[in-house]
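The block underneath contains the structure these notes are about, expressed in structure tokens.
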Amino acid sequence: MTVESTAARKPRRSAGGKAGATGTERTTTRTTARKSAEPELVQLLTPEGKRVKSSRNAEYAKYVADVTPEDLRGLYRDMVLTRRFDAEATALQRQGELGLWASLLGQEAAQIGSGRATREDDYVFPTYREHGVAWCRGVDPTNLLGMFRGVNNGGWDPNSNNFHLYTIVIGSQTLHATGYAMGIAKDGADSAVIAYFGDGASSQGDVAESFTFSAVYNAPVVFFCQNNQWAISEPTEKQTRVPLYQRAQGYGFPGVRVDGNDVLACLAVTKWALERARNGEGPTLVEAYTYRMGAHTTSDDPTKYRADEEREAWEAKDPILRLRRHLEASNHTDEGFFAELEAESEALGRRVREAVRAMPDPDHFAIFENVYADGHALVDEERAQFAAYQASFADEDGGK
């Protein structure tokens with residue numbers, strides 16, 4: 001199976017709009033403006049796969065100076081298998097096997113690069129889209145799917161891999177991460193914490209509180225923001241008047257923007273930030289400037305608010321294709337490597353599919369449990385109504 005980004009249809013025209021003011025034209029104009037305003041950032045690999053050598057990046061480049069061809073092949077493998085898993089999960093949701101899925105398509109470099117920068121004793125606090133980071137932390141991909149199927153509340157022991165359960169409440173995990181970091185600092189532990197969130201979550205009050213507390217207490221935490229530029233249907237420019245990484249200045253700690261489609265740059269910058277944390281230098285905000293090539297979740301239709309031109313421009317910066325170009329140009333691999341990886345990718349897809357289909361169906365009545373400690377008449381009434389609704393399907397099928 002070849003994993004490709006989801007094709008988008010042309011945006012619809014606005015009803016009753018004047019000539020020259022269609023939805024497509026307005027979106028295209030916004031896209032052009034966004035392209036022209038693309039920021040400077042830390043980049044070690046260009047979209048064409050060429051190494052960037054500049055004094056501006058020297059501070060970070062030294063953190064990947066010892067990366068070997070084998071390491072690069074490992075990063076490529078991680079991204080390919082993560083994308084394959086993600087594509088299989090999306091297909092399973094479309095087939096009714098999962099209730100919902102939040103795709104990471106396009107964000108593989110940000111997640112694999114940062115995830116591989118962590119040490120075993122570091123602690124990771126994810127949102128609900130960090131499938132690549134989970135892969136790096138050794139969480140079995142099939143364990144991620146139980147929650148999205150509705151058969152468990154997480155699927156893994158957070159302390160087994162120092163990888164917290166997925167957090168659905170937007171931004172709240174940054175407070176958890178800050179508190180944990182304050183705790184390990186008091187314990188004198190030589191480890192760090194990394195908290196993941198998106199550009200949309202950066203507008204949440206919990207994130208602002210996390211920045212305040214982490215700065216005041218010099219907590220060893222890295223805030224890793226994946227700026228995929230769309231908080232569901234809201235573009236980043238409708239959330240902030242300054243680049244996200246600059247928000248750190250107001251709290252008294254450094255922020256840096258990195259090319260989120262450059263796995264090598266994400267690895268380097270995250271290593272730098274984690275080293276600062278372990279050395280007692282406090283928090284850092286890393287903004288990985290990337291793009292969500294698919295939908296926000298499988299319940300979303302991005303063609304209603306994004307132009308094809310914008311998506312196509314970012315597909316040309318595909319993080320996997322970028323590293324493949326570098327590997328090929330540097331003679332770090334051969335066709336045998338890619339063929340073996342394709343076979344491994346297919347095997348992973350089959351394993352995930354079989355594991356999900358072997359999971360039990362969710363308990364449809366579990367939603368009524370634990371709402372109130374001692375029960376409630378209204379909940380009992382709603383449960384009875386739902387039971388009658390479920391029974392109606394059996395009646396239509398002749399009692400089956």
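Structure above, values below:
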item: Selected residue (only one of 90, 68, 82, 118 is over 15 Å from residue 263 (Cα atoms) and of a type in the set (Val, Ile, Thr)); result: 90
item: Residues of the range 43-75 that turn out to be surrounded by 16 or more Cβ atoms within 10 Å (Cβ to Cβ) and under 15 Å from residue 319 (Cα atoms), as a count; result: 8
item: Matching entry among 274, 267, 285 (being among the aliphatic types (A, V, I, L, M), open to solvent by less than 30 Å² (accessible area, probe 1.4 Å) and more than 29 Å from residue 325 (Cα to Cα)); result: 285
item: Which listed residue, of 181, 177, is in contact with a His (Cβ under 9 Å, 6 or more places away or on another chain) and surrounded by 24 or more Cβ atoms within 10 Å (Cβ to Cβ); result: 177
item: Set 217, 196, 251, 180: member being touching a residue at least 24 places away in the same chain (Cβ under 8 Å) and under 26 Å from residue 311 (Cβ atoms); result: 196
item: Residue check for residue 206: surrounded by fewer than 24 Cβ atoms within 10 Å (Cβ to Cβ) and not in a helix (DSSP H, G or I); result: no
item: Selection from the range 321-348 of residues that are open to solvent by less than 20 Å² (accessible area, probe 1.4 Å) and among the β-branched types (Val, Ile, Thr); result: none
item: Criterion (free of Cβ contacts under 8 Å to residues at least 12 places away in the same chain, assigned to a helix (DSSP H, G or I) and not basic (Lys, Arg)) met by exactly one of 66, 78, 71; result: 71
item: Hey, residue 367 buried (at least 16 other Cβ atoms within 10 Å of the Cβ) and of a type in the set (A, V, I, L, M) or not; result: no
item: Hits in the range 305-322 - residues which are within 12 Å of residue 105 (Cα to Cα) and part of a loop (DSSP other than H, G, I, E, B); result: 318
item: The one condition in (1) more than 25 Å from residue 287 (Cβ to Cβ); (2) open to solvent by less than 10 Å² (accessible area, probe 1.4 Å); (3) free of Cβ contacts under 8 Å to residues at least 60 places away in the same chain that residue 163 fails to fulfil; result: (1)
item: Selected residue (only one of 171, 150, 188 is more than 18 Å from residue 128 (Cα to Cα) and either at pLDDT 95 or above or not aromatic (Phe, Trp, Tyr) (or both)); result: 188
item: Flag for residue 92 being closer than 19 Å to residue 267 by Cβ, more than 15 Å from the chain's Cα centre (by Cα) and among the hydrophobic types (A, V, I, L, M, F, W, C); result: no
item: Qualifying positions in the range 118-135 - in contact with a strand residue (DSSP E or B) (Cβ under 9 Å, 6 or more places away or on another chain) and either under 21 Å from residue 159 (Cβ atoms) or of a type in the set (Phe, Trp, Tyr) (or both); result: 118, 122, 123, 124, 125, 126, 127, 130, 133, 134
item: Residue in the range 285-303 that is more than 30 Å from residue 180 (Cβ to Cβ) and aliphatic (A, V, I, L, M) present; result: yes
item: The range 238-264, subset of a type outside the set (Val, Ile, Thr), part of a loop (DSSP other than H, G, I, E, B) and over 16 Å from the mean Cα position of the chain (by Cα), residue surrounded by the fewest Cβ atoms within 10 Å (Cβ to Cβ); result: 241
item: Identity of the residue in the range 187-203, open to solvent by 10 Å² or more (accessible area, probe 1.4 Å) and not in a helix (DSSP H, G or I), that ends up nearest to residue 272 (Cα to Cα); result: 191
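The values are calculated or read from the model by the stated rules, or taken from the named source; none is laboratory data. Every value quoted in this text rests on a predicted model; they were computed, and no experiment measured them. Quick reminder, even Gly has a Cβ in these numbers, built from the backbone with ideal geometry, and neighbours come from all protein chains shown. The protein model used for the area step is the full one, side chains on, heavy atoms only, and it has no ligands, DNA or RNA in it. Shrake-Rupley method; radii C 1.70, N 1.55, O 1.52, S 1.80 Å.
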